[in-house]
Every structure is written in C-alpha cells, then in structure tokens.
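The values are calculated or read from the model by the stated rules, or taken from the named source; none is laboratory data. Everything quoted here is computed from the prediction, not taken from an experiment. Cβ sites come from the backbone with ideal geometry, for glycine too, and all protein chains shown count toward neighbours. When the accessible area is computed, the model is the full protein with side chains, heavy atoms only, and any ligands, DNA or RNA have been set aside. Shrake-Rupley method; radii C 1.70, N 1.55, O 1.52, S 1.80 Å.
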Amino acid sequence: MTPELAPLSDPQRQSIRDRLAATGRAQVVDLLSGAYADHLAASAADAPFNTVTRRGDGHVDLPAAWLASLEPTQKQALGERVQASATDGFQYLYDNHPIYDLDQAGQAEAVWSELVAFLNGEAFLGLMRDLTGEPRIAMADAQLTRFRPAHFLNQHDDSADGKQRYFAYVLGLTPGWRIDWGGLLAFHGEDGNVAEAFTPRFNALSLLRVPAPHSVTQVALSAGAHRLSITGWLRGR
C-alpha cells in the first residue's frame, strides 16, 4: 500500500507551529490516510519483536526465543531485577522491531522499507520542517515499539552526542487507547509535577523538541491492548 499523508489545513498547521514554538511539544492528529494507518497497525500486530532493556550502563537486546526458553521463576527474577534497577537510574523495558536498522541492512519486510522511505521522503520531512521551524531536519530514523503490561521508559531527554537529534516523534498505532491503561508520554516540569502528558492516540504523531525531560509511564496490568507505535528522531546528517 502506498504511504499517504492525510490533508492538513493551514489553520491546523499554524496551530501546531504555535504550540511547538511555545512549549516544544505538540500532536498532529490523523497524520496518515485512514487506510494506510490501518495497514500499518495490522502489520505491527504481526511483527516479530525482541525485548530491550538496560543492564549496568548499556543497552541489552533479549531475543524472543531466549525469553521463551526461560522458566517462569527465571522470567520473574529478570523482571524484578529490571524494576529494581529503575528506582534510582535510567531504565526501560519494552519490545522493539528495529525497522530502520533492518532497512539499512536490506533485511526489512516490504511494509517497513516503504515506511522508512516515506519517513525520509520530502512529503514527510518537508511537513516536519514546516511545522517545527527546524530547517536542519534531513532524515528520520525509526523503530517499531510495543509496550505490554508492566513495560515502561523512565525519565530521559533523548540527547545523544553526534546524533543531531532535533525532535523526537511517536506515531500511535493502537486504536481506542485509554488514559488509565498508562503508557502516556509524560513531560516533566521543573517543579516536579507532570507538565503535560499525551495519550498514544491512534494515527496521532506526537512531536517533542530535543532535549526535554520526559518518560513513558508504565503500562497498567489491566491494559486491554498493547501500546504499538512507530518512534524515532528527526535528525540532521
């Protein structure tokens, strides 16, 4: 299916520009055509995932086959270690399908190669430069993420030396997400309160200027779906 942006009126564009200029964050509701958004959501539900987390000071990929081989007590112990390490340090736990990296290696499925090409085409990047006012945006990397119950991403600001990250983005792919299921994109205020939080709405693109302290709140055990998203950064080269 051909990737396609939904129409965005001039007043809508200006409202998003104004919000980004004032706060550094905004949502673009109904970014894609409905048919293409539905196509991505169906593809995401069937994608293979590994689980990612941190151990010590580094990122760790946990292959799905390895996790499936663990005994229940081993899985419980692993989960408890991850949760305990999040108390005082940067930590995360979620599922990942690295579509940009797979595309660069020539190993991505067609649906994801088409999406990566679209995200790096002029229609999308031109819209992002227009909305953000950042002319240096030249590319977008991407990963498919899945947050299941108890998954989370605690406070960070997305800064990374040499990466030229100007804005982070999150494109929601789960219809009907409820606020009380967690998984909110929460922006941290200087006063210790949540300054604002975005629900991962279906086909809504959340944008946030880098650096800015934020987190993804833990998905509730009662959540009725998995939080599926395309995430990445709008970058220079």
Match the structure shown to one of the listed values (i) 31, 25, 21; (ii) 31, 18, 17; (iii) 28, 21, 17 of semi-axes √(5λ) of the Cα gyration tensor in Å, computed from it, and give that label.
(iii)
Give me the extension gain from R237 to A22: residue separation times 0.36 nm, minus the current Cα-Cα distance, reported in nm with one decimal.
74.8 nm
Once you keep just the Cα pairs under 8 angstrom separated by 6 or more residues, what percentage relative contact order results for the chain?
24 percent
So, relative contact order of region 180-225 in percent, Cα under 8 Å, 6 or more apart, is 54 percent
In cubic angstrom per residue, the convex hull of region 158-232 built on its Cα atoms measures 94 Å³
Distance between modelled label sites at Q74 and A117, nm, 7 Å Cα→Cβ extension
4.2 nm
Residue-normalised accessible area of the chain, expressed per residue, 1.4 Å probe, Å²:
49 Å²
If one compares the long axis through the Cα atoms of helix 72-85 with the longest principal axis of the Cα atoms of the chain, the angle in degrees, nearest 10, works out at 60 degrees
Along the positive direction of the dipole of the chain (beta-carbon charges: Lys, Arg +1; Asp, Glu -1; about the Cα centre), which of F90, V194, M128 reaches farthest?
V194
